[in-house]
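The values are calculated or read from the model by the stated rules, or taken from the named source; none is laboratory data. If you're wondering where the values come from, they're calculated on a predicted model, not measured in any experiment. No Cβ is skipped: glycine too gets one built from the backbone with ideal geometry, and neighbour counts run over all protein chains shown. Just the protein is used for accessible areas: all its heavy atoms, side chains included, with ligands, DNA and RNA removed. Shrake-Rupley method; radii C 1.70, N 1.55, O 1.52, S 1.80 Å.
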Amino acid sequence: MQQSGAAGGRGCALFSVLSILFFQGVHIVLSLEINADAHVRGYVGEKIKLKCTFKSTSDVTDKLTIDWTYRPPSSSRTESIFHYQSFQYPTTAGTFRDRISWVGNVYKGDASISISNPTLKDNGTFSCAVKNPPDVHHNIPLTELTVTERGFGTMLSSVALLSILVFIPSVVVVVLLLLRMGRKAAGLKKRSKSGYKKSSIEVSDDTDQEEKDECMTRLCVRCAECLDSDYEETY
C-alpha cells in the first residue's frame, strides 16, 4: 500500500509538472506583446504619428491583421479608422476619411499610422490591435491624443531661433566690415592732414599693383577679341 501510494504521488507530481510545462508552452506560443505611446501631443495642421510596435513569437504571414480604432472624448462609441491584412485599408468614411496613412512595417514589428491635417475634433483615444495567428491573445494599449493650436509663445521662440541662426551672424559681419572701413578712412584722413608721404616701398607696391591691374585689363580685352574672332569664323 505504501509503495502504491508513493507511486501514485510520483504520478501526480509528474502530471502536475507536465501540466505546468504544457500551459507554459501554450502561453509562449500565443505570446504577443503590443506597445504604444500612452500620450501623444500634436498641433493643428501638422501631421501626427501614432506609434505602435509589436513582438510575436510566430513569423509574420499574410494572416497578420492590424486594426486601429478611435473613441471620442466622453463617449463609449468606437469607430474603425484603419485595417491591415497584406494591404492597407484606411477608413473611407467619417472624420478621418482620406487622412490616415500607413507608416509601419510589419516585418519590423511596426504597426504605426499617421494623421494628416489634424484638428481639435481629433482629440480622443486610439487603440492598436494586432493578431498574428496563432498569436492572437495580447494586451490592447491605448493612446490619448491631444491636438492644440500653436501659441504665440511657440511661434515667437521659432522666430527668435531663426534670428539667432541667420540674422545675428549677418549683422555681426556687417558691423565688423563697417568698423574696418571706418578705421581705414580715419587713417587716410589723418595721413592727409599730417602731410604724410609714401615711402619708396609703398610707392613701389602701388606701382606694382597698377601694373598688375593694367595687365589684367589687357588680358581681358585680348580674351574678348579672341572670342569675337572665333564667333566670326563660325559664320
message: Using only the alpha-carbon atoms of the range 47-139 as identical scatterers, what base-10 log of I(q)/I(0) does the Debye formula give at q = 0.12 Å⁻¹?
response: -0.37
message: What does the extension gain come out to for S114 and V171, with contour length at 0.36 nm per residue minus their alpha carbon separation?
response: 16.4 nm
Amide hydrogen neighbours beyond the local backbone of G124, cut-off 5 Å, H modeled: L145
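How would T119, T57 rank on accessible area, largest to smallest, probe 1.4 Å? Mind showing how you got there, number by number?
Values: T119 55, T57 80 Å².
The ranking, largest first, comes out as T57, T119.
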query: S74 accessible area, nearest 10 Å², 1.4 Å probe?
result: 130
statement: Once T143, T53 are ranked on solvent-accessible area with the largest value leading and a 1.4 Å probe, the list reads T53, T143
Cβ-based net charge around L145, under 12 Å, with every Lys or Arg adding one and every Asp or Glu removing one: +2
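Can you sort Y89, Y107 by solvent-accessible area, 1.4 Å probe, largest first? Don't skip to the end; give the middle numbers.
Details: Y89 115, Y107 180 Å².
Reading off the accessible areas and sorting them downward yields Y107, Y89.
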message: How large is the accessible surface of E79 in square angstrom, using a 1.4 angstrom probe and rounding to the nearest 10?
response: 40
